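The values are calculated or read from the model by the stated rules, or taken from the named source; none is laboratory data. This is a predicted model, so every value here is computed, not measured. Note: ideal-geometry Cβ built from the backbone for every residue, glycine included; neighbour counts use all protein chains shown. Side chains included, ligands, DNA and RNA excluded: accessible areas come from the protein's heavy atoms. Shrake-Rupley method; radii C 1.70, N 1.55, O 1.52, S 1.80 Å.
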Amino acid sequence: MTGIEQLCPNCGLCCDSTLFADVELQKRDDAKRLAKLGLTLEKKGRSKLAFAQPCACFDGKICQIYHDRPQRCRAFDCGLLKRVNDGRMTAAAALKKISDTKHRAEKVRGLLRSLGQRDEQMPLTHRYAEAMSAPMDLSDEVNADAHGELMLAVNDLMNRLQRDFLQ
Ligand code: SF4
Ligand code: SF4
């Protein structure tokens, strides 16, 4: 079994918006074909096309267009996958880190929902920005505590993503 087969169906963090808010198409990508396959492409900047995450082609476990996926998706191997592939980490250790990180991401999503941000189709970082920029009633202690908890949970999640997945 390859590292991808062992890790990715148990993860999905690079497709569900935990790691990335969007994916930019590259020159070799066939935008028309990808749109037909289900990706909702939008202009990004002056000349680029991108699709937002959570990806429309992610079914919660795997990529539904795996053999046709865009170049950026093909090129991305997270840190855990690299370490498992070159033997520096066992698949079991990587799966434990994935499970732990997913648990922390779910905690962030739960806190966002408790603060009224329930748009599961919006990238996680955008949801966080929206929740934190909403006017806050400082006399409401429960609400103020939830904001504080959210900040800590996001900080913790970002540190783990950076350490385990992005290097
Ligand atoms: S973050 Fe890594 S382990 Fe998870 S789905 Fe993406 S490549 Fe696979
Ligand atoms: S196209 Fe596939 S690999 Fe790329 S983000 Fe979407 S689900 Fe993930």
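I need the full set of residues from region 110-132 which are farther than 12 Å from HIS147 by Cα and among the hydrophobic types (A, V, I, L, M, F, W, C), in order please.
Listed by number, the residues that qualify are MET122, LEU124.
Residues in region 1-55 that are open to solvent by less than 70 Å² (accessible area, probe 1.4 Å), in a helix (DSSP H, G or I) and not β-branched (Val, Ile, Thr): how many?
Number of matching residues: 8.
Please enumerate the residues belonging to region 133-167 that are part of a helix (DSSP H, G or I) and farther than 17 Å from THR18 by Cα.
Answer for region 133-167, where residues must be part of a helix (DSSP H, G or I) and farther than 17 Å from THR18 by Cα: SER133, GLU141, VAL142, ASN143, ALA144, ASP145, ALA146, HIS147, GLY148, GLU149.
Return the residues of region 1-24 that are away from ligand 1 (no atom under 13 Å from the Cβ) and touching a Pro at 6+ places or on another chain (Cβ under 6 Å); say none if nothing qualifies.
Once the filter is applied, which keeps residues that are away from ligand 1 (no atom under 13 Å from the Cβ) and touching a Pro at 6+ places or on another chain (Cβ under 6 Å), region 1-24 yields only ALA21.
Might you let me know whether region 66-79 holds any residue that is touching a residue at least 12 places away in the same chain (Cβ under 8 Å) and away from ligand 2 (no atom under 16 Å from the Cβ)?
Yes, region 66-79 contains a residue that is touching a residue at least 12 places away in the same chain (Cβ under 8 Å) and away from ligand 2 (no atom under 16 Å from the Cβ).
Can you find a residue in region 109-123 that is in a helix (DSSP H, G or I), touching a residue at least 40 places away in the same chain (Cβ under 8 Å) and under 15 Å from ASP16 (Cα atoms)?
Checked region 109-123: no residue is in a helix (DSSP H, G or I), touching a residue at least 40 places away in the same chain (Cβ under 8 Å) and under 15 Å from ASP16 (Cα atoms).
Out of the residues in region 56-98 meeting the condition of being among the aromatic types (Phe, Trp, Tyr) and not in a loop (DSSP other than H, G, I, E, B), tell me which one is surrounded by the fewest Cβ atoms within 10 Å (Cβ to Cβ).
So the residue we want is TYR66.
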